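Peer 1: Below you'll find the structure I mean.
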Amino acid sequence: MSLQIGQPAPQFILISSALKSVSLADFKGRKVVVHFFPLAFTGVCTTQLCTMRDSFGYYDGLNATILGVSVDSPFTLAKFKEENNYQFDLLSDFNKDVSTAYGAIYDQFVMGLKGVSKRAAFVIDEEQNIIYAEVLEDAGQLPDFEAIAKVVK
């Protein structure tokens, strides 16, 4: 069952690329833009997160936090963040619990990989309810950045 606009966002605590626990509840009172992405260091994933990096000032100016989530290890995400100068946290969903809760996980992915995050974007309001939800089946597509920006505004 996919998450719907108006539903409470599934709560989570994940380990960041800085090896710190990050909880969705930490951001109550702010909008949160959560970007799920399949794998660090791949072309479309880099484009997805670099687009958010380049728009960071816009979101920060609207009291919104950006979070990136994938099933990569926190160590892989630390290197990915460093190489691309991301200003926002990358969170490791290594156990796949959060990707599953958000309906953003492939049972089967390329090269026989199982349990990889789907490309997806969610916007969560200040009260921790979902106000935007987009889960893409095709990992080669990008989220609708314009729609995300409008809903955050």
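Peer 1: If I filter the stretch 85-113 down to residues being open to solvent by less than 30 Å² (accessible area, probe 1.4 Å) and of a type in the set (Phe, Trp, Tyr), which single residue comes out as farthest from Ser2 (Cα to Cα)?
Peer 2: Step by step, filter the stretch 85-113, then rank; the result is Tyr86.
Peer 1: For residues that are open to solvent by 20 Å² or more (accessible area, probe 1.4 Å) and in contact (Cβ under 8 Å) with a residue 24 or more places away in the chain, scanning just the stretch 114-133, find the one that is nearest to Phe37 (Cα to Cα).
Peer 2: Once the filter is applied, the top-ranked residue is Lys118.
Peer 1: Return the pair list, or none, for Cβ contacts closer than 7 Å from residues in the stretch 134-152 that are open to solvent by less than 30 Å² (accessible area, probe 1.4 Å) to residues that are in a helix (DSSP H, G or I), at least 6 apart or on different chains.
Peer 2: Ala139/Val44; Pro143/Gln48; Ala149/Tyr58; Val152/Tyr59
Peer 1: Using the structure shown, decide if Ile105 is over 16 Å from Phe36 (Cβ atoms) and β-branched (Val, Ile, Thr).
Peer 2: Answer is no for this residue.
Peer 1: Go through the stretch 1-84 and tell me which strands (runs of 3 or more DSSP E), entirely inside it, have 1 or more residues that are more than 16 Å from Asn95 (Cβ to Cβ) and open to solvent by less than 60 Å² (accessible area, probe 1.4 Å).
Peer 2: In the stretch 1-84, 31-36, 64-70 are the strands (runs of 3 or more DSSP E) which contain 1 or more residues that are more than 16 Å from Asn95 (Cβ to Cβ) and open to solvent by less than 60 Å² (accessible area, probe 1.4 Å).
Peer 1: From (1) modelled with pLDDT of 90 or more; (2) over 17 Å from Ala121 (Cα atoms); (3) touching a strand residue (DSSP E or B) at 6+ places or on another chain (Cβ under 8 Å), pick out the condition that doesn't hold for Gly29.
Peer 2: (3)
The values are calculated or read from the model by the stated rules, or taken from the named source; none is laboratory data. Every value quoted in this text rests on a predicted model; they were computed, and no experiment measured them. Note that each Cβ is placed from the backbone with ideal geometry, even for glycine, and that neighbours are counted across all protein chains shown. Just so you know, the surface numbers come from the protein's heavy atoms only, side chains and all, with ligands and any DNA or RNA stripped out. Shrake-Rupley method; radii C 1.70, N 1.55, O 1.52, S 1.80 Å.
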